[in-house]
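**Student:** The structure under discussion is supplied below as structure tokens; questions concerning it will follow.
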Amino acid sequence: MTAPRLHCPMPLNYGAEIALPANAARHVQVLRLQPGDKVALFHGGLPDIADLAPAPAGSAPSPSPAHWQPQDTGWVQATITQMGRSSVHVRIGEAHAPVPAQAPAAHIHIACGMPANERMDWLVEKATELGVASIQPLQTERSVLRLRDERAYKKQAHWQAVAIAACEQSGRTAVPWVRPVCSLAEFLQQNAADEASRATEVTAASRRLVLSLQAGSLPLHSYNVRANTLGSAASSVKAEQTRGQAGQTQPPALWLLSGPEGGLSAAEEASALTQGWQPVSLGHYTLRAETAPLAALVLLGQTD
């Protein structure tokens, strides 16, 4: 029997005995595990809790730095040593490297207009299983779901929990960050500022794509992740050489912008294009708001 996988965002040092966080302890209790049983613990690499705090009441939520990249520290085997009514203690054992060990061609981040009802939960869950690096929920002109202040923070915390549960189920040990809700305008402004600040850095600039229904948008399936081009083998080789010469060790970020039900408005899409986002198409059919970014993730994951 495979040991249950549990998210444990604390130092996991070999030989240490620790009390599991409340959620993990509750999971152990529900499974009716006993002292001596094994569990697999992973940190997940999420930002510090201070970065996840709600915005002050009455203020607009702030977008999150685009520079953040997931940190996969793998997992450790632990043995249950003590169980109380609501507490569980374990002893940390052998550490294991992340799976898969091969680094991705790019860390793919989704910025999406929030679909209504349960569909955002489904999007977060499936995007996590498909390897997304982070998810930026957006308020757009056509958004049905409207969130502010404490309600926005509670939804963010809920979606983060959905992502963690998806990691526990799938075996993924790098938890994608569900970023604080913000408006599309705020996101584009912050993203542009982040890109400008990277101009003097060794790491490559982010690649930025917007899913579009406009005629003339290039097909996403021809996009070469490593080269940051649409189907040019020569450019691919050149990009790989440039990356090696620059000494870049971390995979670059790739941002994917997708609209809510009804899509982005013409003005919103024009604003993104003006700031350097490249329009790409998923084909002739109009996909649901929660389906489109997932289809894009699959296509991008096959172009390594």
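**Student:** All other residues with a Cβ under 13 Å from the Cβ of Gly113 taken together, and with Lys, Arg as +1 and Asp, Glu as -1, what is their net charge?
**Tutor:** On the way: positive: Arg119, Arg142, Arg146, Arg288; negative: Glu141, Glu261, Glu268, Glu269, Glu290.
Result for the neighbourhood of Gly113: -1.
**Student:** Moving on to the next point. Under 5 Å between amide H atoms, partner at least 5 residues away or on a different chain: which partners does Val210 have, H built in plane at 1.01 Å?
**Tutor:** Leu257, Gln278, Val280
**Student:** A further question on this structure: Across the range 150-164, in residue order, what do the Karplus-derived ³J(HN,Hα) couplings come to in whole Hz, using 6.51 cos²θ - 1.76 cosθ + 1.60 with θ = phi - 60° and x for Gly and Pro?
**Tutor:** Going residue by residue, I get 5, 5, 5, 5, 5, 5, 4, 4, 5, 5, 5, 5, 4, 5, 4 Hz, with x marking Gly and Pro.
Values quoted throughout were computed directly from the atomic coordinates according to the rules given, and no laboratory measurement underlies them. Please read all numbers here as calculations on a predicted model, not as lab measurements. Neighbour counts run over all protein chains shown; Cβ positions are idealised from the backbone, glycine included.
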